[in-house]
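The values are calculated or read from the model by the stated rules, or taken from the named source; none is laboratory data. Owing to the predicted nature of the structure, the values given are computational and were not obtained by experimental measurement. Cβ placement follows ideal geometry from the backbone for every residue including glycine, while neighbour counts extend to all protein chains displayed. In case anyone asks, the SASA skips ligands and DNA or RNA and just uses the protein heavy atoms, side chains included. Shrake-Rupley method; radii C 1.70, N 1.55, O 1.52, S 1.80 Å.
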Amino acid sequence: MSVDEKLKKIFAIKRENKKIKLIDQRLLPHKVKIITLHNYNETIEAIRDMAVRGAGSIGVAAGYGLAQAALEAKHLNLEKFNKFIKAASDKLLSSRPTAINLRHSIDRCLKVAENGTVTERIQNICNESDKIAFDDIKASRLIGVYGEQLLKENSNILTHCNAGALAYIDQGTALSPIIEAKRRHKPIFVYVDETRPRNQGAKITAWELSKLEIPYALIVDNAAGYFMINKKIDVVIVGADRIAVNGDTANKIGTYEKAVLAKENNIPFYVAAPSMSFDLKCESGERIEIEHRSSEEITHISGVNDSNEYTKLRITAKNTKAYNPSFDITPAKYISGFITEKGLLKKPFKKSIKNAFK
Ligand code: RUB
């Protein structure tokens, strides 16, 4: 089976008129269950509870969610329709705050719904939501093509969290250059951070790479320094949830420390991200809202037992206090470049980012 045939089985999200279908990422890698979301409230819940996750997929889900809301409101007059869409947008926007893709998707869908009859506005929102997904596919492929050029034969790549096909359709951001290398039969090896607390690396990235038959090994989050200082890692590639105009980048918690370690060890550190991940209204990382999630994500762990039954376990003493910021900011000075659908953006980032996306 070719890489492309294998990729088709790892789809993040699809829209079929009012229904959204997605692989429930909470159950991976133990169960590949496709769930159907019937209305926009179900979609909000799926984003909030991370059945769908990853900046790009959250953005697509939000656009599709607004399409669902528009279809749900088709019997309303124009005034009530507009109020309904405004309320639905606000609710979608508050479902997860850090990834800018969500806001960009909502803004794009609202913009095409500024004029016309209710029927025309519904059609425009639906078309735009599909176009967001289509644009993501194109960006994902181009990121792969540009990023692959940075990988030498037998490169050892470290990645954090999951920025593959389930995070960003259709072959991810950080994993896209890796998939392109596989397509071109270039030998490479991937070190996968487990990515506590939700273990997106251990549960999703490792699963995706094994499905695609790309050689990898899972490492614990605090082992990256060991592998770097022992010259086992040649390059780091991560995704992004929001990038400020100066290049400061929000990504999954732990990204910052990997970037500092990479600099200390003279290892290039790339962020693979499409235009949808850049926030041109945000001057620097300090202005990026960081999502704080439930402490239960740290105190408990889920998986399957020997009978393959889903189990959740508490790993700490009862009532253990835990802080759980979901993202951190990597200052631009630690980033070697941004792999985008427009090519590699180099320093000075203020200039290259503005030139690429103005
Ligand atoms: C996901 C995360 C990923 C980026 C990848 O966090 O931090 O690295 O979203 O970006 P979470 P992209 O699992 O909490 O959503 O989607 O652009 O690949």
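Screening the chain for DSSP H helices whose Cα atoms reach 24 Å or more along their own axis and whose mean Kyte hydropathy is at least 0.5 gives 55-72. For the range 2-140, the share of accessible area belonging to carbon and sulfur comes to 52 percent (1.4 Å probe, ligands and nucleic acids excluded). On the basis of the beta-carbon distance and an R0 of 22 Å, residue 153 and residue 266 show a calculated FRET efficiency of 0.65.
For residue 34, the shell of other residues with beta-carbons less than 10 Å away shows a net charge of +2, using +1 for Lys and Arg and -1 for Asp and Glu.
Normalised per residue, the accessible area of the range 2-140 is 44 Å², obtained with a 1.4 Å probe and no contribution from ligands, DNA or RNA. Solvent exposure of the range 146-357 amounts to 45 Å² per residue of accessible area, where only protein heavy atoms count and the probe is 1.4 Å.
The residues packed around residue 327, meaning those with a beta-carbon under 11 Å from its beta-carbon, carry a net charge of 0 if Lys and Arg are +1 and Asp and Glu are -1. Only beta bridges with both residues in the range 146-357 are counted; by DSSP, about 45 percent of them are antiparallel. Other residues lying with their Cβ under 12 Å from the Cβ of residue 123 contribute a combined charge of -1, Lys and Arg counting +1, Asp and Glu -1. A simple rule links phi to the HN-Hα coupling: the Karplus curve 6.51 cos²θ - 1.76 cosθ + 1.60 with θ = phi - 60°, which for the range 229-243 gives 5, 8, 6, 8, 10, 9, 7, 10, 10, 10, x, 8, 9, 6, 10 Hz, with x for Gly and Pro. Dividing the helix sum by the residues of the chain, where each DSSP H run of 4 or more adds -39500 (n - 2.57), gives a mean residue ellipticity at 222 nm of -11500 deg cm²/dmol. Multiplying the residue separation of residue 223 and residue 17 by 0.36 nm and removing their Cα-Cα distance gives an extension gain of 69.6 nm. Both radii come from the Cα set of the range 158-217: Rg as radius of gyration, Rh as Kirkwood radius; their ratio Rg/Rh reads 0.94. A Förster distance of 30 Å, applied to the separation of the beta-carbon atoms of residue 27 and residue 281, puts the FRET efficiency at 0.25. Can you pull out the trypsin sites (Lys or Arg not before Pro) in the range 169-241 whose DSSP state is coil and whose Cβ has at most 13 other Cβ atoms within 10 Å? Answer in residue order: 184, 231.
Here the scattering of the range 146-357 is modelled by Debye summation over its C-alpha atoms, one equal scatterer each and no solvent; at q = 0.10, 0.15 Å⁻¹ the log10 of I(q)/I(0) is -0.43, -0.95. In this structure the amide hydrogen of residue 155, modeled in the peptide plane, comes within under 5 Å of the amide hydrogens of 189, none closer than 5 places in sequence on its chain.
Per residue, the average separation of C-alpha pairs within less than 8 Å and at least 6 apart gives the chain a relative contact order of 16 percent. Computed over protein heavy atoms with a 1.4 Å probe, the carbon and sulfur contribution to the accessible area of the range 146-357 reaches 49%.
Step through the table entries 31/231; 19/111; 18/281; 111/131; 9/131, compare each Cα-Cα distance with 25 Å, and write down the pairs that go over it. As for pairs spanning more than 25 Å Cα to Cα, those are 31/231; 18/281.
Estimated at 0.36 nm per residue, the fully extended path between residue 296 and residue 86 surpasses their Cα-Cα distance by 72.4 nm. Using a Förster distance of 45 Å, how high is the FRET efficiency between residue 310 and residue 2, based on the Cβ-Cβ distance and rounded to 0.05? Using R0 = 45 Å, I get an efficiency of 0.85. Both radii were evaluated on the Cα set of the chain; the Rg over Rh quotient, with Rh as the Kirkwood radius, amounts to 0.97. The alpha-carbon of residue 351 sits under 15 angstrom from the alpha-carbons of these aspartates and glutamates, leaving out residues fewer than 8 places away in its chain: 248, 279, 283.
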